[in-house]
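Q: Have a look at the structure that comes next, please.
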Amino acid sequence: MKTALITGASEGIGKAFAQELATRQTNLVLVARSQDKLRTLADELQEQHKIRVEVISQDLILQGACQNLYDRVQDLEIEIDLLINNAGFGDYGAFASRDLQKQLQMIQLNVSALVELTHLFLGQMQSRQQGAIVNVSSMSAFLPIPYMSIYAATKAFVLSFSESLWAENRETGVKILVVCPGPTESNFSEAADFPKVRKRNPSHIPAKEVVEKTLEALNKAEPTIVTGGLGNQVVVNLPRFLPRETVVNLVEKQFKN
Ligand SMILES: NC(=O)c1ccc[n+]([C@@H]2O[C@H](COP(=O)([O-])OP(=O)(O)OC[C@H]3O[C@@H](n4cnc5c(N)ncnc54)[C@H](OP(=O)(O)O)[C@@H]3O)[C@@H](O)[C@H]2O)c1
């Protein structure tokens, strides 16, 4: 039986990955800060699907957290077949007016932790000549986003980094996929401090849909997937057809409160 490690598994897209992979008889290692939520989910999935589910409560922003997580997985003598780097958050508001620590922590979680975990687990996968890594980016990766400048920049990093790794690993037996979700039902807007009018965005799709499309793309060994409707495909392609200044002006109108 295969084992997947999912970061940010206590809520939203990460939780939906756990639920879907459990139905596909995949053992799980669930990671996030909220021990209680992870424990409840783990008990439920173990009971329903008769799989092994381990909970590792870890704040991935902390110094040494990723190495600690990796060491815990080795102590449990678990081989990770699928790493899902999903934990992440955004922050809404004009850059200079927002808390600097929060911006730096966002870079730490969305970028540095993802890079470190990828480095730690990729080597093992390459020597086994099998395995897969899914990095959760965002539609925001394709555009500069005024009022979410750091978030969009972190997701652009994840997109670029992951597509490069996809090519580097084409012959190694390890699949790399970057998923770029559009607005998805989760706790994201709450955590990002979005104004109420943004939180009620009707275009949000269920997290389960993102997960199903991602696993389909992974099966086909694709490098990149943008989830959601046709509108999302149009938006991510805007910078290919419009001057950059026009694109950033358009996005600014959308995101200005
Ligand atoms: N929802 C969207 O519209 C959307 C669109 C595009 C991309 N995304 C991306 O999808 C990913 C998942 O987000 P989501 O929408 O599912 O949001 P969410 O519901 O807020 O889930 C975020 C997850 O990350 C975990 N997390 C947050 N800080 C952490 C930390 N310091 N250490 C470890 N885990 C931490 C949270 O658990 P704890 O609080 O328990 O730690 C939670 O499980 C993110 O990378 C996000 O950028 C979301």
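The values are calculated or read from the model by the stated rules, or taken from the named source; none is laboratory data. Fair warning: this is a prediction, and the values are worked out from it, not measured in the lab. We place every Cβ from the backbone using ideal geometry, glycine too, and count neighbours over all the protein chains shown. Side chains included, ligands, DNA and RNA excluded: accessible areas come from the protein's heavy atoms. Shrake-Rupley method; radii C 1.70, N 1.55, O 1.52, S 1.80 Å.
Q: Rounded to whole Hz and in sequence order, give me ³J(HN,Hα) for the range 204-216 from the Karplus expression 6.51 cos²θ - 1.76 cosθ + 1.60, θ = phi - 60°, writing x for Gly and Pro.
A: Residue by residue, the range 204-216 yields 5, 9, x, 4, 4, 5, 4, 5, 4, 5, 5, 5, 5 Hz.
Q: Using each residue's phi in the range 58-69, evaluate 6.51 cos²θ - 1.76 cosθ + 1.60 at θ = phi - 60° and report the 3J(HN,Hα) Karplus result to the nearest Hz, with x for Gly and Pro.
A: Result, rounded to whole Hz: 8, 7, 6, 7, 6, 4, x, 5, 5, 4, 4, 4.
Q: Another question about this same structure. Taking the Cα centre of the chain as origin and charging only Cβ (+1 Lys, Arg; -1 Asp, Glu), how large is the dipole, in debye to the nearest 20?
A: The dipole of the chain has a size of about 720 debye.
Q: Let me ask something else. Evaluate E = 1/(1 + (r/R0)^6) for residue 127 and residue 256, where r is the Cβ-Cβ distance and R0 equals 51 Å; express this FRET efficiency to the nearest 0.05.
A: Calculated transfer efficiency: 0.55.
Q: Enter the accessible area of residue 122 (Å², nearest 10), with the probe set to 1.4 Å and all protein chains included.
A: Its accessible surface works out to 20 Å², give or take rounding.
Q: Then there's this: Using the beta-carbon distance between residue 246 and residue 24 and R0 = 35 Å, what value does 1/(1 + (r/R0)^6) give for FRET efficiency, to the nearest 0.05?
A: 0.20
Q: Given 93, 164, 111, which one lies farthest toward the positive end of the charge dipole of the chain, if we put +1 on the Cβ of every Lys and Arg and -1 on the Cβ of every Asp and Glu?
A: Of the listed residues, the answer is 93.
Q: Compute a Gaussian network model of the chain, connecting alpha carbons closer than 10 Å, and tell me which residue from 226, 235, 211 fluctuates the most.
A: Between 226, 235, 211, it is 235 that shows the largest mean-square fluctuation.
Q: May I pose another question? Using alpha carbons only, how many degrees (0 to 90, rounded to 10) separate the axis of helix 244-255 from the longest principal axis of the chain?
A: Rounded to the nearest ten degrees, it is 80.
Q: What range in the chain is the longest one free of trypsin sites (Lys or Arg not before Pro) that are in a loop by DSSP and have at most 11 other Cβ atoms within 10 angstrom?
A: My reading of the result: 51-199 is the longest stretch.
Q: On to the next question. In a GNM of the chain with a 10 Å cut-off on Cα contacts, which of 189, 97, 137 has the highest mean-square fluctuation?
A: For the chain, modelled as a Gaussian network with Cα springs under 10 Å, the answer is 97.
Q: Report residue 75's accessible area, 1.4 Å probe, all protein chains in place, as a number in Å² to the nearest 10.
A: Spelled out: residue 75, probe radius 1.4 Å, area about 120 Å².
Q: A follow-up question, please. Over the range 3-255, what percent of the accessible surface lies on carbon and sulfur atoms, probe 1.4 Å?
A: So the carbon and sulfur contribution to the accessible surface is 51 percent.
Q: I'd like to know which of 4, 206, 19 lies farthest towards the positive end of the charge dipole of the range 3-255, counting +1 on Cβ of Lys and Arg and -1 on Cβ of Asp and Glu.
A: Ranked along the dipole, the leading option is 206.
Q: Quick one: ranking 23, 154, 172 by accessible area, 1.4 Å probe, largest first, what do you get?
A: 23, 172, 154
Q: Counting Lys +1, Arg +1, Asp -1, Glu -1, what net charge surrounds residue 123 among other residues with beta carbon under 13 Å of its beta carbon?
A: That sum, taken over residues with Cβ under 13 Å, equals -2.
Q: So, one more: Label points 7 Å out from Cα along the Cβ direction at residue 46 and residue 100: separation in nm?
A: Reported label-point gap for residue 46 and residue 100 is 4.5 nm.
Q: Please list 34, 127 from largest to smallest accessible area, probe radius 1.4 Å, with all protein chains kept in place.
A: Ranking 34, 127 by accessible area, largest first, yields 127, 34.
Q: Ranked from the most accessible area to the least, with a 1.4 Å probe and all protein chains present, what is the order of 119, 49?
A: So, going from the largest accessible area down, we get 119, 49.
Q: Now for a separate question. With Cβ to Cβ distances under 13 Å as the rule, what net charge do the other residues near residue 69 carry (K, R +1; D, E -1)?
A: Every neighbour counted, the sum reads -3.
Q: Report the net charge of residues surrounding residue 143, where surrounding means a beta-carbon distance below 13 angstrom and charges are Lys +1, Arg +1, Asp -1, Glu -1.
A: +2
Q: So, one more: Accessible area per residue, 1.4 Å probe, Å², for the range 3-255: what's the number?
A: 48 Å²
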